[in-house]
1. Taking square-rooted eigenvalues a ≥ b ≥ c of the alpha carbon gyration tensor, is the stretch 122-281 rounded, prolate or oblate, where a/c under 1.5 means rounded and, failing that, a/b exceeding b/c means prolate?
2. To the nearest whole percent, what portion of all C-alpha pairs in the stretch 99-166 is separated by more than 13 angstrom?
3. Per 10 Å bin from zero, what fraction in whole % of the C-alpha pairs of the chain is there, up to the bin with the longest pair?
4. Quick one: plug the Kirkwood hydrodynamic radius of the stretch 1-117 (C-alpha pairs) into Stokes-Einstein at 25 °C, 0.890 mPa s, and report D in µm²/s.
5. Only Lys, Arg, Asp and Glu count, each charged at its Cβ (+1, +1, -1, -1), so figure out the dipole size of the stretch 1-104 about its Cα centre, rounded to 20 debye.
6. Go ahead and estimate [θ] at 222 nm for the chain from helices alone: -39,500 (n - 2.57) per DSSP H run with n ≥ 4, summed, over the residue count, rounded to 500.
7. I'd like to compare 269-277, 106-114, 191-199, 143-151: which one has the highest average count of other Cβ atoms within 10 Å, and what's the full order after that?
8. At a Cα cut-off below 19 Å, give the lysines reachable from Lys187, other chains included and same-chain residues fewer than 8 away excluded.
Amino acid sequence: MSRPDFLSSYREQLGRLLESEGVASAMELIVGGRFAETGILEKDCLIHLGLEPPHTLVDIGCGSGRLPLQLRHYLTGRFIGTDILPEALDYARKICGRPDWKFIPCSDCVIPCADGSADVVTFFSVFTHLLDEDIFRYLREARRVVRPSGKVVFSFLDFDCDAHWDCFEKTVADRNPNRVLNKFLTKHTARRLARGAGFIVDVIYDGSEKWIPAIGDQDISNSLPPTPLFEFGQSVAVLRPFPEARYLTQYPDVAACVVNGGFISGAHHYDVCGFREGRTA
Ligand SMILES: C[S@@+](CC[C@H](N)C(=O)[O-])C[C@H]1O[C@@H](n2cnc3c(N)ncnc32)[C@H](O)[C@@H]1O
């Protein structure tokens, strides 16, 4: 069975956009457009979830720089962005103006970072274009590079979110064999993949839920109405690494279940019943 050629479909789309729109518009459209609005939402979402200025952020599939552009004055720490499109990375490097940040071309669901080196790993609108196996490969890599106190954040198209059905219908109607893949998950599948890769799911926000506070140049004086909340559009999963070794040492009965094949891992046990049994992870 042949695998979809992701790179060639993206290249074809970028080529078409460059020809018809010119560089700046093509670079905004190749990541979905709404360059400033979406970048600000992504930035506010991460700050709300705990991204701090000195942190190390790894942004997989960063494209032409929608997110890092908005973070260039906030994040004093390290930024590593990867993508399959080197042209998009060159553009991102140029608009961010941060010579200390790294933009690295990648092709194989590998994250070019050391073990336990990232405070936050993000995949915004990336799992929306990958096969389940590649999503899982990337999640395992994210588990390797995230610090024990860190977080992994990914957005996804969600069969459980009614607002995403229209996009699915459009995908069904599109018969172009070389189109960019649109991939949908359910919340259950997102949890399953995360758990299998060794994470605890802190929360999954539905695509239509308003949960992101506008952060930025806000006057937070009490005389103003409360900060409005915004929806992200795609559903967003927030994960933290499961402390596998500690859990299995703390609960020998669980360790025995894992060895005997009753559970695939301590993370699996915790997600299925451990948290209900009052066990701590
Ligand atoms: C919809 S865009 C989102 C870009 C960026 N994350 C953002 O939110 O602005 C999807 C990006 O994922 C990249 N991409 C697709 N497959 C990838 C893969 N296997 N590894 C890394 N990036 C990938 C594409 O080139 C594209 O830039």
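1. Values: a/c = 2.31, a/b = 1.27, b/c = 1.82.
Oblate.
2. On the way: 1588 of 2278 pairs.
I get 70 percent for the Cα pairs in the stretch 99-166 exceeding 13 Å.
3. It works out to 6, 26, 35, 22, 9, 2, 0, in whole percents.
4. On the way: Rh = 14.9 Å.
Value of D from the Cα-based Kirkwood radius: 165 µm²/s.
5. Values: 12 positive and 14 negative charges, 47 e Å.
I would put it at about 220 debye.
6. Values: 11 runs with 106 residues, N = 281.
Helix contribution divided over all residues of the chain: -11000 deg cm²/dmol.
7. Taking the mean over residues of other Cβ atoms within 10 Å, the ranking is 191-199, 143-151, 269-277, 106-114.
8. Lys151, Lys210
Here, each number is a calculation from the coordinates, and none is a lab measurement. Just so it is clear, the model here is predicted, and its values are computed rather than measured. Ideal geometry is used to build each Cβ from the backbone, glycine not excepted, and the neighbour counts take in all protein chains shown.
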